[in-house]
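For reference, the structure is listed below as structure tokens.
Each reported figure results from applying straightforward, stated rules to the coordinates on display, with no laboratory input. These numbers were taken from a predicted model, which means no experiment stands behind them. Note: ideal-geometry Cβ built from the backbone for every residue, glycine included; neighbour counts use all protein chains shown.
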Amino acid sequence: MEVKLSKQQKVTVNSAEDIYPIMRQILRRENKIGQGQEHFWMVGLNQANKILYIELVALGSANMANINPREAFRMAIYKLAVRVIMVHNHPGGNVTPSYEDQDLTDHFIQAGKFLKVEVIDHLIISEETYHSFVDAGIFKKLQESEKWILPYKLKERIRNEGKTEGLKEGLNEGIQLGEKKGKEEGLKEGKEEGRKEEKIEMAKALKQKDISITIIAETSGLSIEEIKKL
């Protein structure tokens, strides 16, 4: 059920502090219908993070973990929301997240990735306070969770990681081979350069003794043109 919002309530959401006052107003209004019941809402945002809608997805559910992502994201797809915030209340006032709350968030994060609708936070609220998964640092950990990743996505990621590792290994091997080849070529060039210097020194010594250029060329291995330049 879509919650009726005033223009003032369709605010731009930059943090949990922006959405909590609105959700507290809605909670107080909803509590007139069902005091002490849990309510689960999805808040849809546009590209500019402005509220498009707030939908009451479940009311009085004994186990919020059984909420189907298909039902929760239906309005987001219909309204073309690009981001959503999960919100539910704890009637007892304790807003500490349970294991089930964290698991549901984990599930919805992965469902949102599949549907191209990003889940950006989960708020647990009471009439007095709230708990933000992002502010508490839980959300980042859940984003890294692999529990609810679709099997084909996991296989695809493993395959891509394997390619990346293979590329790194190949690159390192190529660098090592290149360095080895470079050293070998450098050593070869150095030896050739050294031998040429020896030939030049020999040719210079023979030239000082007025030995013919032809004999110097045959002895040193240098060309007649090279000897003439000495």
If you stretched the chain out fully between residue 5 and residue 196, how much longer would it get, using 0.36 nm times the residue separation minus the C-alpha to C-alpha distance? 59.7 nm
Spin-label pair residue 18/residue 223, simplified geometry with 7 Å Cα→Cβ offset, distance in nm: 7.8
When a/c is below 1.5 the answer is rounded, else prolate if a/b is larger than b/c, else oblate, so apply that to segment 6-139 with a ≥ b ≥ c taken from the square roots of the Cα gyration tensor eigenvalues. rounded
Place a +1 charge on the Cβ of each Lys and Arg in segment 1-145 and a -1 charge on the Cβ of each Asp and Glu, then give the dipole magnitude about the Cα centre in debye, rounded to the nearest 20. 660
Nearest-0.05 FRET efficiency for residue 94 and residue 143 at R0 = 35 Å, using Cβ-Cβ distance, is 0.90
